[in-house]
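Following: one structure in structure tokens, then a few remarks.
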Amino acid sequence: MAGLLEKIWQAHGANAAEVEVQFVAEAMICSLHEQFLQDPSPTDIITFDLGVTPDHRRLALLCICPAVAARHARRFHTTLRREIHRLIVHGILHLLGYDDHDPGRRRRMRYRERAILKQLAV
């Protein structure tokens, strides 16, 4: 998975990054979602940008809920592995400045997700 993160980051010409991926239980993702985004509902991923080190490396944490990801995988007729890869790409895109807060931006972000996943052949 580290190779996937590095390829995505490099494909966007961004400075180096240290991105940790943590898999969390549904209760934990709900708690984080409420604490940081004021929404107690379950979500598949929350991206935390932890800032930049003195040597200009971005630090970040991607919290992924496999239970929610598995439901989404079934709903969209894909594998859990592919859905996890999509979520990692999604989180990285947030770190690169993409957002999905309105329909137009969401479409743009989804387009980039699909393009990156196709390019990486995952």
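Taken together, the values in this text are just the output of simple stated rules run on the coordinates, not laboratory data. All values derive from a computational prediction rather than experimental measurement. Every residue, glycine among them, receives a Cβ derived from its backbone with ideal geometry; neighbour counts consider all protein chains shown.
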Notebook entry, point to check: What is the packing order of peptides 10-18, 59-67, 43-51, taking the mean over residues of other C-beta atoms within 10 Å and listing the highest first?
Noted result: 59-67, 43-51, 10-18
Item checked: Kirkwood-Stokes translational diffusion coefficient of the chain, alpha-carbon pairs, 25 °C, 0.890 mPa s, µm²/s -> 165 µm²/s
Notebook entry, point to check: With contacts defined as alpha carbon pairs under 8 Å and 6 or more residues apart, what's the relative contact order of the chain in percent?
Noted result: 23 percent
Check: Share of antiparallel DSSP beta bridges in the stretch 2-120, in percent to the nearest 5?
Finding: 50 percent
Notebook entry, point to check: With charges only on Cβ, +1 for K and R and -1 for D and E, what is the dipole size of the stretch 2-120 about its Cα centre, in debye, rounded to 20?
Noted result: 780 debye
Item checked: Positive minus negative residues near His33 (Lys, Arg vs Asp, Glu; Cβ under 14 Å) -> -4
